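Coordinate-derived values only; no laboratory data. Note that this is a predicted model, so its numbers are computed, not measured. Note that we place each Cβ from the backbone using ideal geometry, even for glycine, and neighbour counts take in every protein chain shown.
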Amino acid sequence: MNVNRRDFLKLSGVSAAGAAVLLFAEETHALTSDLKQLRIAKAKEVPSVCPHCSVGCGLIAYVKDGNLLQLEGNPDSPISEGSLCPKGASAMQFAYEGIGKPNPLRELKAKHRKPGADHWDVVELDWALDRIAEKIKETRDKDFIETVNGVTVNRTEGLAHMGSACVDNEEAYLMVKLMRSLGVVYLEHHARI
Ligand code: SF4
């Protein structure tokens, strides 16, 4: 069969359209299969509120057969519009504690990812704590500022500290005391991020 340039373009267009339809059908099939396998499929959605702090972000609890399967941000919440801070995003851990069950997703070992690595190595907890202390000391020494315009400031701008809505007054006092003694000026709170 002789195929001129015009016929070739027409045939290519038909083939491309056919391939696109096939691809779409395959993707739709894959998506439908995934939906069928979702753990929360057919679970009841119960709106709730994050218990961790007074910001009051909205949660959705997925419940099936009397079991809590998942907690996630509620996009209908006028306060948080579906987002949660790291504390709220780990609310499932709180729920596991409440029912006295171990969280199957909880990490029980210290892990370290070397610079440039694409995986995490399990390390001893003592090694991890020493490493954190070393890096804090190294960073503080490198970035420590003693004076600004002749005024003593004794601070480091190379470190920051993240607080928590769940600590009590005494814990917050100790955290701030430790950070100020290191010269840390950037103290943040997770609910603001
Ligand atoms: S800011 Fe975080 S801890 Fe506070 S209510 Fe929202 S998700 Fe919960």
Notebook entry, point to check: With charges set only on the Cβ (+1 for Lys and Arg, -1 for Asp and Glu), what does the dipole of segment 44-99 come to about its Cα centre, in debye to the nearest 20?
Noted result: 80 debye
Next item on the list: Among the aspartates and glutamates, select those whose C-alpha is under 13 Å from the C-alpha of Lys64, and discard any that sit fewer than 8 residues away in the same chain.
Entry: Glu45
Next item on the list: Please list, in chain and number order, the residues 5+ apart from Ser48 or on another chain whose amide H is under 5 Å from its amide H, with Hs placed from the backbone.
Entry: Leu59, Ile60, Ala61
Item checked: ³J(HN,Hα), Karplus 6.51/-1.76/1.60, whole Hz, each residue of segment 82-95, x for Gly, Pro -> x, 8, 9, 6, x, 5, x, 5, 9, 4, 4, 4, 4, 5
Checklist line | Proximal lysines relative to Lys177, as straight alpha-carbon distance under 17 Å, when same-chain residues fewer than 8 apart are discounted | finding: Lys137
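Show me the ranking of peptides 47-53, 108-114 by mean Cβ neighbours inside 10 Å, starting with the highest. Mind dumping the intermediate values first?
Details: 47-53: 16.4, 108-114: 11.0.
Going by the mean number of other Cβ atoms within 10 Å, highest first, we get 47-53, 108-114.
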Check: From the residues Gly183, Asn149, Asn169, which one has its Cα farthest along the dipole of segment 111-192 in the positive direction, the dipole being from +1 and -1 charges on Cβ of Lys/Arg and Asp/Glu about the Cα centre?
Finding: Asn149
Next item on the list: Pull up all non-local amide H partners of Thr156: gap of 5 or more, or a different chain, and H-to-H distance under 5 Å with H placed in the peptide plane.
Entry: Ile145, Val184, Val185
Notebook entry, point to check: List the aspartates and glutamates whose alpha-carbon lies under 16 Å from that of Lys109, not counting same-chain residues fewer than 8 positions away?
Noted result: Asp121, Glu124, Asp126, Asp130
Checklist line | Contact order relative to length of segment 44-99, as percent, for alpha carbon pairs under 8 angstrom and 6 or more apart | finding: 27 percent
Check: Using a basic spin-label model with each label point 7 Å from the Cα along Cα→Cβ, how many nm lie between Val153 and Asn103?
Finding: 3.8 nm
Notebook entry, point to check: Three principal axis extents, largest first, for the C-alpha atoms of segment 111-192, in Å?
Noted result: 46, 32, 24
